[in-house]
């Protein structure tokens, strides 16, 4: 596929920050080389849809790299297979898809007691269920970026609270 007129200059100018963004977000679920390629492809797709001159900040590339790494994590998380005895424990005691599981209900209730406020509880559930940020934003009458921040902070606070309880029973 031939590059458009400005692609070569665009990628020459930004190749360092693109590679740095990929390196910053590479993890156990996506390697640096794979993330770099995914990032370049995503940028080519994005750039082909632009009609006006492009002015982007380094944060733009880091955001795209972060989103790609998160998508890869979520995809791979679903592919991971457990050992048979762990699978049995998961299905009988932990499986969140089983509504009737009383232990899950009790655990969720205990976790929710750690989350302050209805909006934060909704933010945690929104994040956990991979709800599109637009739906969460609409429900709470927030801009997409504000909704993203609210959801991130609620999950981060819950995570910090849970880590503080490490070693204790929830």
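Scanning the range 126-169 for residues that are crowded, with 16+ Cβ neighbours inside 10 Å and without any contact (Cβ under 8 Å) to a residue 12 or more places away in the chain yields 137, 142. Of the residues examined, residue 113 is not one that is in contact with a helix residue (DSSP H, G or I) (Cβ under 6 Å, 6 or more places away or on another chain) and surrounded by fewer than 16 Cβ atoms within 10 Å (Cβ to Cβ). Any residue at all in the range 29-40 that's surrounded by 11 or more Cβ atoms within 10 Å (Cβ to Cβ) and modelled with pLDDT under 85? Yes, there is a match, as at least one residue in the range 29-40 is surrounded by 11 or more Cβ atoms within 10 Å (Cβ to Cβ) and modelled with pLDDT under 85. Kindly list, by first and then second residue, each pair from a residue in the range 46-68 that is in a loop (DSSP other than H, G, I, E, B) to a residue that is buried (at least 16 other Cβ atoms within 10 Å of the Cβ), limited to pairs with Cβ atoms under 6 Å and residues at least 6 apart or on different chains. Nothing qualifies. Identification of helices (runs of 4 or more DSSP H) wholly contained in the range 102-170 with 1 or more residues that are over 22 Å from residue 67 (Cβ atoms) and at pLDDT below 80 yields 102-113, 144-164.
The values are calculated or read from the model by the stated rules, or taken from the named source; none is laboratory data. Small disclaimer: the values here were computed from a predicted structure and weren't measured. All Cβ positions, even for glycine, are placed from backbone atoms using ideal geometry, and neighbour counts span all protein chains on display.
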